Each structure stands twice: as C-alpha cells, then as structure tokens.
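Working notes, beginning with the structure itself.
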Amino acid sequence: NWNGRFFNTALLTLIPLVFYSLWSYKLIPVILIVFFILAVFLFIRSLFKTILSSKQQLVLSTIIIFLYLYKLPSVVEGIYWLASSSLYLLPIILTLFFFAILFDKKIQRHKLVKILLCLFSLAIVGSNEISMVMLDFFLFSLFCRALLKEKKIPKLLGVLVLIVLVSSVVVYFAPGNTIRSSVSLDPHNLLLSMVSTIFFIRKMSWEWIQTTPLWLLVAFFFSLLSVQRFGNFPKIHPILAVFSSFFLLFLEFFVYFWSTGALPTGRILNFIYLSFLFGFFLSCFAFFQYFYLHWEKGSVTETTKQFFGFLKHFLNLIFLPLLLFYLVLGNNLKDAFLDLSQGTAARYNQEMKERYVKLASCNDDICVLEEVKNRPKTLFLPFSNLSSDPKFWTNICFASCFGKKAVKID
C-alpha cells in the first residue's frame with residue numbers, strides 16, 4: 001500500500017531521529033534555510049544574467065527571500081517540522097536548483113549535470129502532488145514552446161519530459177492513494193474543488209497583497225527602467241504573465257482540493273505562497289518590459305513618462321519609512337526577533353531538554369510529563385502538542401520514538 005510520495009518516504013527513513021541524533025536533527029532547518037537562499041539566488045541568476053548585474057541579481061534575490069520569510073503562512077510547518085519541510089520546502093529547493101541548471105546552457109553540457117537533472121525531476125515528482133503538477137506544467141510549457149517556435153525538441157528536455165510523465169503516472173496510480181483518499185473529507189468532488197480553488201485564490205491573493213510589502217518588488221523594477229537591456233530577455237506579454245500566474249495557482253489549489261476535499265493547511269499555503277510571489281514578480285517584469293519597449297519606440301506619451309518618473313522618485317523617498325512600518329506590523333521576522341530577544345525560544349529549548357531527560361529515565365507504564373509553558377510562535381507546533389489522553393496520535397508517536405509504553409500530560 002505504498003503511496004506516490006516515494007522520494008519523501010525514502011528520505012524520512014534516513015532522518016537523524018531514527019539513529020537517535022537530536023543535534024543533527026536540529027541542524028536540518030539551518031541547512032534547509034541556507035540551501036533555500038542559495039537556490040533562489042542561482043535561479044534568479046540563471047534567468048536574468050543577461051540583463052541584470054550581479055549586484056541587481058543579489059538585490060532581487062534578497063527581496064524575494066525577505067518577502068517569503070516575512071509572511072510565510074506557517075514558519076514551524078515550513079521549516080522546523082521535518083515531516084512537513086521535507087515534503088514541501090525541500091522540493092521547492094530542488095525545483096529552483098532544477099530550473100537554475102536547466103536554464104544554464106553551459107552547465108548542461110556536462111553528463112553528470114544531465115544525470116543530476118534527471119534525479120532532481122524524480123525527487124520533485126516523488127515529493128508531493130503539488131510539486132509534481134508544477135513541474136509537469138513548466139516542463140510541458142517548455143516542451144510546447146520548443147515545438148512551436150524552434151520546430152524541434154532538445155534531447156535533454158525530451159528525456160526530462162518522459163521521466164516526469166512516467167513518474168507522474170506511477171504517483172497517480174500508487175495503491176496507497178486510495179487509502180489516503182478514504183480518510184479524506186470529500187475527495188474527487190469536481191464542483192467543490194473548482195469552487196474552493198477559485199475562492200481560495202481570491203481570498204489568499206487579496207490577503208497576501210494587503211499584508212505583504214510587495215511594493216518592494218515594484219520599487220526594484222522602477223529602479224531598472226534606465227537599464228538598456230530589457231530587449232535581451234524573451235518578450236512576455238503582461239496578459240500572458242498574469243494568466244500563467246493565475247493558472248499555476250489554480251493547478252496547485254485544485255490538486256489539493258481534488259485530493260483531500262479539506263481546507264489547505266499552513267504547509268500547503270507555504271508552497272503556494274512562493275508560487276504567488278514568483279507569479280507577482282513575473283507579472284511585474286512583463287509589465288515593465290512591455291512599458292520599456294514601448295518607451296523606446298516612442299509610443300508612450302510625455303504625460304505618462306512624467307507620471308512614472310514622479311512615481312519612481314516618490315517610491316525612493318518613502319522606501320525606508322515604509323519598510324520600517326512593515327517591519328513593525330505582525331510578521332514572521334518580528335515574531336522570530338521577539339522569540340529570541342525575550343528568551344521564549346531559549347526557555348522552550350530548556351523545557352524540551354528536561355522533558356527528554358525525564359522521559360529517557362522513566363520506567364513507568366505511563367510516563368507523565370508537564371505541559372510546555374513557553375511556546376515561541378516560530379517554533380511551537382500547536383496541533384502536535386501532547387495530550388492527557390495516552391491514545392492521542394502525538395502521544396503514541398512520542399512514546400514510540402522513546403521506546404515507552406505510553407506518555408501523557410499531567
């Protein structure tokens with residue numbers, strides 16, 4: 001009854017806790033964050049190395065990373081809960097590395113790099129259904145573009161499409177999917193999935209636009225209007241960019257609702273939020289490219305030029321005050337700072353150490369533990385908290401991990 005998440009399942013059998021190494025388990029979130037930052041930078045570099053300087057690539061990468069961490073729907077599920085981070089954050093990292101390599105023609109010449117791309121594609125498809133659909137969508141789009149514009153398919157792209165297609169079929173027909181669907185609320189309900197998808201795209205997009213300083217991206221692109229190399233990048237019509245961004249969000253939400261019929265959890269929204277950011281970024285780029293090329297042709301009126309010039313200077317003027325304002329508002333960066341500065345994270349860590357020591361030395365049939373008093377927002381996972389009922393799922397997992405018969409909260 002294996003499910004389609006073959007890569008994630010294999011990976012979780014190798015986690016440090018299996019070998020009772022708590023310190024290396026704690027090191028994993030740090031490694032994931034470092035590789036996420038590196039993956040974003042390499043992805044941006046591979047896309048815009050012909051039109052942006054290294055400094056501009058670094059600035060744009062920093063903005064995207066900042067926006068992602070600023071309003072990540074669930075930090076603890078996205079980074080610190082390994083069962084979730086390995087399922088969603090890791091395939092995000094692999095996907096960014098995958099396309100960073102795929103868009104770099106020089107690196108592709110090496111045979112080992114081609115093998116690495118094939119392995120990455122298998123890992124991404126075998127992580128979760130949303131990452132699978134996303135990779136299918138992008139590779140199919142590149143395949144169609146090559147077929148229609150270049151009238152031929154590059155061998156590497158053809159091999160990757162074949163690998164992704166076969167592995168996606170394996171994922172879809174995995175026997176364990178039936179068992180997963182049987183415990184879902186209302187899976188495979190087409191009408192409900194369609195309505196829920198459209199509703200949540202509207203709801204979450206509006207929420208992220210309102211609460212996230214997306215103007216940072218806009219300000220960055222305004223600063224690029226004087227750059228004379230927009231024409232070196234493939235032309236993207238703004239309408240196509242907006243439609244593609246919406247369609248990707250639609251696919252990701254729809255796959256989840258179709259599979260489960262349930263409301264999306266924080267870890268699901270984490271994944272989709274990054275797609276939203278890149279979609280917003282793509283739409284901004286397409287708009288400014290379109291505007292700049294028309295500016296060069298002389299088809300933009302003087303009034304419009306003056307308006308955009310005024311807007312550019314106005315954004316530069318209010319940039320720092322507005323940034324400070326957003327940092328004061330409720331966000332993950334502020335929560336992390338407060339968790340550290342107020343000592344909540346340190347006290348939580350000490351409480352957990354004492355709990356582990358007590359649990360390791362307990363020889364009773366039911367080990368009784370104290371409730372956790374310090375709960376840092378960016379570290380504590382509420383629904384995984386232990387219960388007074390020894391048969392609660394987290395209690396069972398906790399007892400199994402430490403080799404005890406049962407545990408409960410006093």
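Each reported figure results from applying straightforward, stated rules to the coordinates on display, with no laboratory input. No experiment lies behind these values; they were computed from the predicted model shown. Cβ placement follows ideal geometry from the backbone for every residue including glycine, while neighbour counts extend to all protein chains displayed.
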> Roughly how many whole Å is it from the C-alpha centroid of the range 300-352 to that of the range 378-410?
Replying inline: 38
> Ranking TYR25, TYR88, TYR348 by Cβ neighbours within 10 Å, fewest first, what do you get?
Replying inline: TYR25, TYR348, TYR88
>> Name the residue from SER275, PHE99, ILE79 whose Cα lies farthest towards the positive end of the charge dipole of the chain, charges +1 on Cβ of Lys and Arg and -1 on Cβ of Asp and Glu.
In response: PHE99
>> Defining a contact as two alpha carbons under 8 Å apart and six or more residues distant in sequence, what relative contact order in percent does the chain show?
In response: 18
> So how strong a dipole does the chain carry about its Cα centre when Lys and Arg Cβ are +1 and Asp and Glu Cβ are -1, to the nearest 20 debye?
Replying inline: 1380
> In what sequence, highest mean first, do 351-359, 246-254 appear when ranked by Cβ atoms within 10 angstrom?
Replying inline: 246-254, 351-359
>> Which entries of LYS106/LYS312; LYS55/LYS114; LYS114/LYS152; LYS71/LYS391; LYS55/LYS155; LYS105/LYS152 have Cα-Cα distances beyond 26 Å here?
In response: LYS106/LYS312; LYS55/LYS114; LYS71/LYS391; LYS55/LYS155
> Ranking ASP335, ASP389 by Cβ neighbours within 10 Å, fewest first, what do you get?
Replying inline: ASP389, ASP335
> For SER74, SER341, what ranking results if the residue with the fewest other Cβ atoms within 10 Å of its Cβ goes first?
Replying inline: SER341, SER74
>> As an exercise, identify the trypsin sites (Lys or Arg not before Pro) in the range 63-146 lying in DSSP coil whose Cβ has no more than 13 other Cβ atoms within 10 Å.
In response: LYS105, LYS106
> Under 14 Å from the Cα of LYS111, which aspartates and glutamates turn up, not counting those fewer than eight places away in the same chain?
Replying inline: none
> What percent does the relative contact order of the range 361-409 come to when contacts are Cα pairs within less than 8 Å and at least six residues apart?
Replying inline: 49
>> Run lengths n ≥ 4 of DSSP H only: what is the helix-derived mean residue ellipticity at 222 nm for the chain, with -39500 (n - 2.57) per run over all residues, to the nearest 500?
In response: -22000 deg cm²/dmol
> For the range 29-167, what is the relative contact order in percent, using Cα pairs closer than 8 Å and at least 6 residues apart in sequence?
Replying inline: 22
> Tell me, what is the Rg over Rh of the chain, with Rh the Kirkwood radius over Cα pairs?
Replying inline: 1.00
> Per-residue HN-Hα couplings for the range 117-125, Karplus 6.51 cos²θ - 1.76 cosθ + 1.60 at θ = phi - 60°, whole Hz, x for Gly and Pro?
Replying inline: 4, 5, 5, 4, 4, 5, 5, 5, 5
> How large is ³J(HN,Hα), in whole Hz, for each residue of the range 280-294 in order, when computed from phi with the Karplus curve 6.51 cos²θ - 1.76 cosθ + 1.60 and θ = phi - 60°, using x for Gly and Pro?
Replying inline: 5, 4, 4, 5, 4, 4, 4, 5, 5, 5, 4, 5, 5, 5, 6
>> Can you compute 3J(HN,Hα) from phi for each residue in the range 156-169, using the Karplus curve 6.51 cos²θ - 1.76 cosθ + 1.60 with θ = phi - 60°, rounded to whole Hz and x for Gly and Pro?
In response: 4, 4, x, 5, 5, 4, 5, 4, 5, 5, 5, 5, 5, 5
